[in-house]
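Student: One structure is given below, represented as structure tokens, and several questions about it will come after.
Each value in this text was obtained by applying a stated rule to the coordinates, not by laboratory testing. Source: prediction; values computed, not measured. Here the Cβ is made from the backbone with ideal geometry for all residues, glycine too, and neighbour counts use every protein chain on show.
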Amino acid sequence: MNDNMGAHRTFCGVMKIAGPLALMLLMAGSITAYAAVTNSVTVTGTGPSGPPGGVTDTANESVDVEDNAPAINVVRTFNFAPGGDVNGNGLADVGDQIVYSYAVTNSGNVTLRDVAVSDVHQASGAPLSFITPTSVTTDAGSAGAGTLNDSSDVGATVDGDWDILGPDDVITFTSAPYTIVPGDLALATSTADNDIDGTVTASGNYDPGAAPVVVNGTSSSPVPLNILPSLEVTKVADLDTNVPAGTTVTYTYRVRNNGTVPITNVTLADTHKGVLNALTPSFVSFITNTGSTNTGNTINVLAPGDEAEYTATYIVTQSDVDTLQ
């Protein structure tokens, strides 16, 4: 028995709490921490001279059970959806699909109800939706009854939560497939961590009623994205063999974003005959454009896979023919 049982008064089998302790428990929204299993046995018999049942005695006993300690734990993980790694490189690229899993454990010693998850998913694509489990991932059973199946989702309608989760039992929520979009890479680079960030919160309640005790657990599992900034440039002259003096040579430049993220403020600097910027390549057009923009000869944004064309001209001089052999 707990030492504080002296502060309890029992009337008609109902345990009462008096004084400051009752106020503290009421403010905490909890039920009595010092619960007890009580019982009473009565023996009766008849003596030699009666009356029937005239001999009797009663004994009482109380068994103090452990204090209630509601708690919940959640672990968030992710993986590619079936066929979601489109190019098979094992990296999270634009267009790939990922699925989150949320393993929720009743880590306390009391039964939890209405267990649900919510994910603060810091991404640019469609909002996450959750698939409620249809069975228990791990069934630890009921320690008191020595049986399994003390957890169940008994709701007649789909309400998005799991109705009853026994101590030490585990259920697993999953998300519908999430498709990575270009905005995710832009957001990830702006936060300098190159991840899709997110935090899941699992919640449940104990002693549901007018003021149930709500417990929460959180977990984070950032998704590292394939962030690869890269540019490719080529330069080709329309004439490059035995070119006589006075001939105009046209150079064509191709600039391509062959990385996975947008590149900004793209410019060309041509070192011609050893002199930087002796030629000024002029922007012509985008060969491929999925959202790229330019201002004059500067490409403001070059989207992944996009390509632009520049040109410049040069007139071959007699000095070139005389000296550049």
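Student: Would you compute, for the Cα atoms of region 195-275, the largest minus smallest coordinate along each principal axis and list the three values in descending order, in whole Å?
Tutor: 95, 20, 18
Student: Taking the C-alpha atoms of region 190-325, how large are the radius of gyration and the largest Cα-Cα span, Dmax, in Å?
Tutor: Computed over the Cα atoms of region 190-325, radius of gyration and Dmax are 27.1, 98 Å.
Student: Please report, in whole Å³, the volume per residue of the convex hull around the C-alpha atoms of region 69-124. Intermediate results must be reported in sequence, preceding the final value.
Tutor: Working: hull volume 5.9 nm³, N = 56.
Expressed per residue, the convex hull around the Cα atoms of region 69-124 is 106 Å³.
Student: How large is ³J(HN,Hα) for each residue in region 38-53, as worked out from phi by the Karplus curve 6.51 cos²θ - 1.76 cosθ + 1.60 (θ = phi - 60°), to whole Hz, x for Gly and Pro?
Tutor: Result, rounded to whole Hz: 10, 7, 9, 10, 10, 10, 9, x, 10, x, x, 10, x, x, x, x.
Student: Rounded to whole Hz and in sequence order, give me ³J(HN,Hα) for region 114-124 from the Karplus expression 6.51 cos²θ - 1.76 cosθ + 1.60, θ = phi - 60°, writing x for Gly and Pro.
Tutor: 6, 7, 9, 10, 9, 10, 7, 9, 8, 9, 9
Student: Could you give the nm distance between label points at S62 and A269, where each point is 7 Å from its Cα heading toward the beta carbon?
Tutor: With each label placed 7 Å out from Cα toward Cβ, I get 8.5 nm.
Student: While we're on this one: For region 238-248, what does the Karplus curve 6.51 cos²θ - 1.76 cosθ + 1.60, with θ = phi - 60°, yield as ³J(HN,Hα) per residue in whole Hz, taken in order and with x for Gly and Pro?
Tutor: 6, 10, 9, 9, 6, 8, x, 4, x, 8, 8
Student: Right, another one. Tell me the net charge near N258. Cut-off is 14 Å between Cβ atoms, N258 excluded, with +1 for each Lys or Arg and -1 for each Asp or Glu.
Tutor: Numbers: positive: R254, R256; negative: D93, E232, D306, E307.
Surrounding charge for N258 is -2.
Student: Could I ask something else about it? Between V233 and N194, what length comes free when the chain is fully extended (0.36 nm per residue of separation minus the Cα-Cα distance, one decimal in nm)?
Tutor: Details: separation 39, 0.36 × 39 = 14.04 nm, distance 2.56 nm.
The V233-N194 span can extend by a further 11.5 nm.
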